[in-house]
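Every read-out reported here was derived from the displayed coordinates using simple, explicitly stated rules and does not represent laboratory data. Computed from a prediction, not measured in an experiment: that's the story for all the values here. Here the Cβ positions follow ideal geometry from the backbone for every residue, glycine too, while neighbour counts run over all protein chains shown.
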Amino acid sequence: AHMRGEVSSMQESFKSFGFGMVLAVVLVYLTLVALFRSFLDPFIILLAVPLGIMGVLWMLALTGTTLNVQSFMGTIMMIGIVVGNSVLLVEFANRLWREGTPVREAILQAARIRLRPIVMTTLITVLALTPLAVTFWKGASANLPLARAVIGGLMVSTPLTLLVVPVLYTLLKRDR
């Protein structure tokens, strides 16, 4: 059977978004490789992305929200925030490490110092999108998946990022 109409355009959108997301991750990785002059640091940074995607899927399943173009856009937005949080941690730890601080101490100090900006970014985003994620007025349902995807992704990825990124940094980086 050949599908037409909404289904075929939806499948085409999903393929485009899937390709776009993979392309975005590759381009972000390559940009971070150039920025950090390392293949390892961007790898550590981007490992926070699957944690956020787990949160997106968890939130969408919990709220009975469908996976659609809006939730994909929310996922992309969440990925940007999660990568930014990881960059804050790794960049600050690298600076301390280059100054001679041992790897373990550098990432713990970075996590302690960068905790407030990371939590504030997450909290502000979640609080700003909460009214959009729980509204039931006419026309609001179009944006529900976007808001729920971002909120779920950030609620799961932020605490896990603050745990997983330092652990990976400690395991993969070596003292001089």
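Per the Cauchy relation, a quarter of the hull surface: what is the mean projected area of the convex hull of the alpha carbons in the stretch 38-126, in nm²?
If you wrap the Cα atoms of the stretch 38-126 in a convex hull and average its projections, you get 6.5 nm².
Ranked highest first by average number of other Cβ atoms within 10 Å, how do 146-153, 32-39 line up?
The peptides rank, most packed first, as 146-153, 32-39.
Say R0 is 25 Å: what FRET efficiency, to the nearest 0.05, do Ala24 and Thr130 get from their beta-carbon distance?
Working from the Cβ atoms, E equals 0.45.
Using only alpha carbon positions, build the gyration tensor of the chain, then give the equivalent ellipsoid semi-axes as the square roots of 5 times its eigenvalues, largest first, whole angstrom.
The equivalent ellipsoid of the chain has semi-axes of 34, 19, 11 Å.
For the stretch 14-24, take each phi angle, set θ = phi - 60°, evaluate the Karplus expression 6.51 cos²θ - 1.76 cosθ + 1.60, and give the result in whole Hz per residue in order, putting x for glycine and proline.
Working through the residues one at a time gives 4, 4, 5, 5, x, 5, x, 5, 4, 4, 4 Hz.
About its Cα centre, what dipole magnitude does the chain give when the only charges are +1 on Lys and Arg Cβ and -1 on Asp and Glu Cβ, stated in debye to the nearest 20? Before the final figure, lay out the partial values.
Values: 14 positive and 7 negative charges, 58 e Å.
For this selection, approximately 280 debye.
Mind listing the phi-derived Karplus ³J(HN,Hα) values for the stretch 70-76, rounded to whole Hz, using 6.51, -1.76 and 1.60 with θ = phi - 60°, and x for any glycine or proline?
5, 5, 5, 5, x, 5, 5
Tell me which of Val87, Gln109, Phe14 sits at the most positive position along the dipole axis of the chain, charges placed on C-beta atoms (Lys, Arg +1; Asp, Glu -1).
Gln109
For the stretch 36-51, what does the Karplus curve 6.51 cos²θ - 1.76 cosθ + 1.60, with θ = phi - 60°, yield as ³J(HN,Hα) per residue in whole Hz, taken in order and with x for Gly and Pro?
For the stretch 36-51, the Karplus curve yields 8, 6, 7, 8, 7, 4, x, 4, 4, 4, 6, 5, 6, 4, x, 5 Hz.
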